[in-house]
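A short write-up of the structure that comes next.
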Amino acid sequence: MKRLILADVKSINLNGKSVGHYFTLAQNYLDLFSNICQVKIAGGPIFKTRFKNDDIISLPYDFYSSENWIISKWRVLMNCKALFNRSMPDDIIVIQQSGLSTAIMGIALFAKKNRNIYIIPYDLDALSSVVKRIIYWLAKPKIKGLLCPNKKIADEYKKSGCIVTDYIYPKDKIENQIPFSERKYDIAIVGRINQDKGVVEAVKYLAGTQYKVVIAGKGDSRSIETELENYCNKDSVKSSNIELHIGYVSEIDYYMYIRNAKFVMLNYRGDYEDRSSGVVLDTLFSGTPVLGRRCNALNFVEKECVGYLFDDINNLDLDDVINKNKYEKYQRGILVFVEKQKNLKNKIIDYLHLNDK
């Protein structure tokens, strides 16, 4: 039986917690492909907090944001070296987006030619400078292909690409959905908080409206957390409709907020306008429609009829969007979207040749 290795060579560790969607994608691969081939998850010590030892190929290091960047880069490279040393020639290795630029350097330095190595780029950051492009050019002959969210990325990397969503819904249907009338929140904003996600702008627009809002996530700086905390002061009448939870959000709470919201808002701008987003898929796979700013990353939301897009949040008419008729219309779109996911699973199987003997 073939062996498929999904690797996170960076393995972010934030006070003993994994942030981002790296665990989610790892579990997704186990759910999707374990009945087809042997699936292993390669990652640092943080992965032992979530996955069984039988499913793991242990890499030596985690990433800590407090450490010197040179040490951090060196540790990612050593994880790459360990990954290639602990894999077999006929293994299929898929490397996650995390620390991708350094991972590509690791491929150039340590990977042997004619191995089945694939990368998952969600954006073009690994090609964003002359140095990074040179490193990629050195590694390119050792990279067999890409799994990426759009053709533009594959074209820029000049490699064959399997165009799929960040991860794929593994079940036949969405189960145990909460009815519209029983959802606690009208709008949820969840996940990591930074300027390019437009969270502060959204708070200022939503404060004082009739709609119940929950915001939950850790800021990428203390300053943005403070700004939100000051604006959503518990003593403020204006922001009394907003429930704010600043800090690390557990996986259980994360999905609880999404499933209890009538819409999840994504006011993306800047880097996030073109960047693939796991929060969008978490939202749709939970049966919740998206309320987002129109940009390349979210254009499919309108096309697939799984949510509502606006051009400028300050011109958004919430009364026209947050109602049962619109909600049910988008829910029907979500059911069709999830049904299409089955084809993407087969697309990856064919692309990685998982069924080949």
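The values are calculated or read from the model by the stated rules, or taken from the named source; none is laboratory data. Source: prediction; values computed, not measured. FYI the Cβ positions are ideal-geometry reconstructions off the backbone, even for glycines, and counts take in every protein chain you see. All accessible areas refer to the heavy atoms of the entire protein, side chains included, with ligands and DNA or RNA removed. Shrake-Rupley method; radii C 1.70, N 1.55, O 1.52, S 1.80 Å.
Of the residues making up segment 273-296, at least one is of a type in the set (S, T, N, Q), out of contact with any Phe, Trp or Tyr (no Cβ under 7 Å at 6 or more places or on another chain), over 29 Å from S66 (Cβ atoms) and in a helix (DSSP H, G or I).
Considering segment 83-107 alone, what residues qualify as being in a loop (DSSP other than H, G, I, E, B) and touching a residue at least 60 places away in the same chain (Cβ under 8 Å)?
Restricting attention to segment 83-107, the residues satisfying the condition of being in a loop (DSSP other than H, G, I, E, B) are 87-91, 96-99.
Result: S87, M88, D90, D91, Q96, S98, G99.
All conditions but one from (1) without any contact (Cβ under 8 Å) to a residue 24 or more places away in the chain; (2) open to solvent by less than 20 Å² (accessible area, probe 1.4 Å) apply to V290; the one that does not is (1).
Given V213, V249, V199, V190, which one is buried (at least 17 other Cβ atoms within 10 Å of the Cβ) and within 21 Å of Q97 (Cα to Cα)? Before the answer, list the steps.
Values: V213 fails: within 21 Å of Q97 (Cα to Cα); V249 fails: within 21 Å of Q97 (Cα to Cα); V199 fails: within 21 Å of Q97 (Cα to Cα).
Answer to the selection: V190.
For the residues A82, A26, the requirement of being of a type in the set (G, A, S) and closer than 24 Å to S250 by Cα singles out A26.
For residues in segment 319-353 being outside any helix (DSSP H, G or I) and surrounded by fewer than 18 Cβ atoms within 10 Å (Cβ to Cβ), which is farthest from the chain's Cα centre (by Cα)? So that I can check it myself, show each step before the final result.
Filtering segment 319-353 for residues outside any helix (DSSP H, G or I) gives 322-323, 352-353.
Imposing the further condition that a residue be surrounded by fewer than 18 Cβ atoms within 10 Å (Cβ to Cβ) reduces the set to 323, 353.
Working: N323: 28, H353: 24 Å.
Per the criteria, the residue is N323.
Restricting attention to segment 216-246, the residues being within 18 Å of N15 (Cα to Cα) and surrounded by fewer than 13 Cβ atoms within 10 Å (Cβ to Cβ) number 2. In the condition set (1) touching a Leu at 6+ places or on another chain (Cβ under 7 Å); (2) aromatic (F, W, Y); (3) surrounded by fewer than 16 Cβ atoms within 10 Å (Cβ to Cβ), Y29 is compliant with all but (3). Filter segment 234-246 down to residues that are within 17 Å of I193 (Cβ to Cβ) and modelled with pLDDT under 90, then give me how many there are. Going through segment 234-246 one residue at a time, the tally reaches 1. Can you tell me how many residues within segment 8-26 are modelled with pLDDT of 95 or more and either open to solvent by 30 Å² or more (accessible area, probe 1.4 Å) or more than 28 Å from I193 (Cβ to Cβ) (or both)? So the count comes out to 1.
Contact map, segment 38-56: first residue free of Cβ contacts under 8 Å to residues at least 24 places away in the same chain, second residue of a type in the set (G, A, S), Cβ cut-off under 8 Å, separation 6 or more or different chains; pairs are K48/S58; I56/A42; I56/G43. Scan segment 298-307 for residues that are in contact with a Phe, Trp or Tyr (Cβ under 7 Å, 6 or more places away or on another chain) and open to solvent by 20 Å² or more (accessible area, probe 1.4 Å) and the total you get is 2. The single residue among P89, P170, P121 that is closer than 25 Å to V39 by Cβ, within 18 Å of the chain's Cα centre (by Cα) and open to solvent by 30 Å² or more (accessible area, probe 1.4 Å) turns out to be P170. Consider F110 carefully, then state whether it is out of contact with any Leu (no Cβ under 6 Å at 6 or more places or on another chain), touching a residue at least 12 places away in the same chain (Cβ under 8 Å), of a type in the set (F, W, Y) and open to solvent by 20 Å² or more (accessible area, probe 1.4 Å). Yes.
Being over 15 Å from I174 (Cβ atoms) and among the basic types (K, R): is that true of K326 here? In short, yes. Residues in segment 252-272 that are in a helix (DSSP H, G or I), under 16 Å from the mean Cα position of the chain (by Cα) and buried (at least 22 other Cβ atoms within 10 Å of the Cβ): I258, Y272.
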